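Note sheet for the following structure.
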Amino acid sequence: MSLTPFRVHIPDEDLSRIRERIQSFRWAHFREPHDAADWRYGPPTAWMRTLCDYWLTGYQWREAERNINAAEHFLTTIDGQALHLVHERGSGERPRPLLLVHGWPYSFASYLHLIEPLTHPERFGGHEDDAFSVVIPSLPGFGFSSAPVTPIGPRRIASLFNQLMTQTLGYDEYLVHGGDWGSAIAEMLGFYHRANVRGIHLTMLSVRHDGAAPRTGSVGASAGADERSFAVREAELWKNESAYARIQATKPLKLAYSMFDSPVGVAAWIAEAFHAWSDLSQRPLTDAVSMDRLLTEIMLYLVTDSFGPSTWIYVAEGLEGYQTLPQGQCIDVPVALAAYRDPVFPMPPREVASLSHSVVRYTTMPTGGHFPFYEDPDALIEDLRGFTRALR
């Protein structure tokens with residue numbers, strides 16, 4: 001399982017094709033309800049036109065590409081699955097290996113600006129004893145990792161990533177951070193590969209104790225008032241926001257055909273998730289996540305033709321059935337939870353999370369939602385460091 005150095009370079013003709021499709025979008029014929037300005041039906045036309053105008057006149061993919069290539073990229077193959085990854089070694093004699101696992105609708109690029117503070121804290125007024133060696137893989141079917149032959153979910157991906165860390169990169173023990181799908185994969189790593197996983201740091205909880213499947217309103221047999229109250233709230237939030245996931249889990253190809261040749265369609269689908277899931281209680285979306293970063297995430301789905309395959313993990317979620325643990329079992333590696341103000345995927349209270357996880361740290365974060373690596377990166381880094389220091 002060797003590593004092959006890799007650099008991102010998208011052909012000019014691919015960029016021109018995307019640009020032409022954006023330019024040819026028939027805005028004059030597009031219709032929306034008169035009360036659509038508040039995002040109740042999805043991204044408003046005025047907002048989307050502003051994004052697309054900037055896409056055509058201000059955003060520079062080649063600049064984003066240079067920033068992406070500032071990191072060390074590699075390709076490898078594990079059990080027939082081609083994986084793309086970033087691997088940056090940290091300062092000092094014993095940097096802690098740290099696996100950062102992304103989710104949907106974002107990518108490996110969401111963590112790139114965290115690499116230098118994590119790998120070389122001494123450059124930012126910190127100490128090299130806090131340094132990590134950072135590994136950022138692209139999930140199968142996302143970015144520059146190939147699409148799997150059939151849909152695979154968090155349990156299978158966890159197995160691939162454990163082989164990546166231990167056999168390909170040679171790390172006997174490592175830490176894992178994840179949110180969104182990254183949280184589910186991190187939890188599967190902590191449950192099935194506990195001999196190698198030193199601890200997991202999560203910004204979302206995807207796995208629960210027996211009987212308490214996430215976002216369904218179900219609870220365990222001996223549920224108390226806190227668990228019942230949280231389950232009702234979580235299910236109510238999900239009822240209003242789950243349409244995208246139901247489509248991606250049941251008819252992913254139906255959606256993929258629509259998106260394959262529509263950059264504006266992909267942008268609207270992804271931007272809506274960023275808007276709905278970010279903490280916008282004190283600022284607009286483009287202050288929480290800049291247009292450049294949002295467009296880079298969108299472009300990575302377009303230039304790799306990975307929007308369709310990225311949705312297959314939703315199909316696999318139902319096939320694997322990983323969301324609840326076997327009766328009487330829990331994830332017993334040390335777990336740190338960073339509870340952000342996520343408006344759609346709230347973190348359970350500590351006492352509820354502790355029914356399924358060995359929670360050793362629970363931090364209520366003052367700002368930030370589903371995308372803390374963009375919304376509040378400094379606080380995310382510091383919480384990761386605090387968790388790691390406590391494990392020494």
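Every number in this text was worked out from the coordinates using simple rules, so none of it is lab data. Everything numeric here is computed off the predicted structure, so don't read it as measured data. No Cβ is skipped: glycine too gets one built from the backbone with ideal geometry, and neighbour counts run over all protein chains shown.
To the nearest 0.05, what FRET efficiency results for THR45 and HIS113 with a Förster distance of 25 Å applied to their C-beta separation? Once the sixth-power term is evaluated, E becomes 0.20. Here the chain is treated with +1 on each Lys and Arg Cβ and -1 on each Asp and Glu Cβ, and its dipole about the Cα centre works out to around 600 debye.
Any chance you could run the full-extension gain for SER16 through ASP79? It's 0.36 nm times the residue separation minus the Cα-Cα distance, nm to one decimal. Length difference between fully extended and current span is 19.1 nm. DSSP assigns beta bridges within the chain; of those with both partners inside it, close to 35 percent run antiparallel.
Taking amide H as placed 1.01 Å from N in the peptide plane, ARG198 has its amide H under 5 Å from the amide H of TYR174, LEU175, each at least 5 places away in sequence or on another chain. Simple spin-label estimate for TYR192 and LEU3 gives 2.4 nm between the two label positions (7 Å along the Cα-to-Cβ direction from each Cα). Per residue, the chain reaches -12000 deg cm²/dmol at 222 nm when only DSSP H runs of four or more residues are counted, each adding -39500 (n - 2.57). Across segment 46-52, coupling constants 3J(HN,Hα) worked out from phi with the 6.51/-1.76/1.60 Karplus curve, θ = phi - 60°, read 4, 5, 5, 5, 5, 4, 5 Hz, and Gly and Pro carry x. Derived scalar couplings between HN and Hα for segment 310-325 equal 5, 7, 5, 5, 5, 5, 5, 4, x, 6, 7, x, 8, 5, 10, 7 Hz in order, rounded to whole Hz, by the Karplus curve 6.51 cos²θ - 1.76 cosθ + 1.60 (θ = phi - 60°), x for Gly and Pro.
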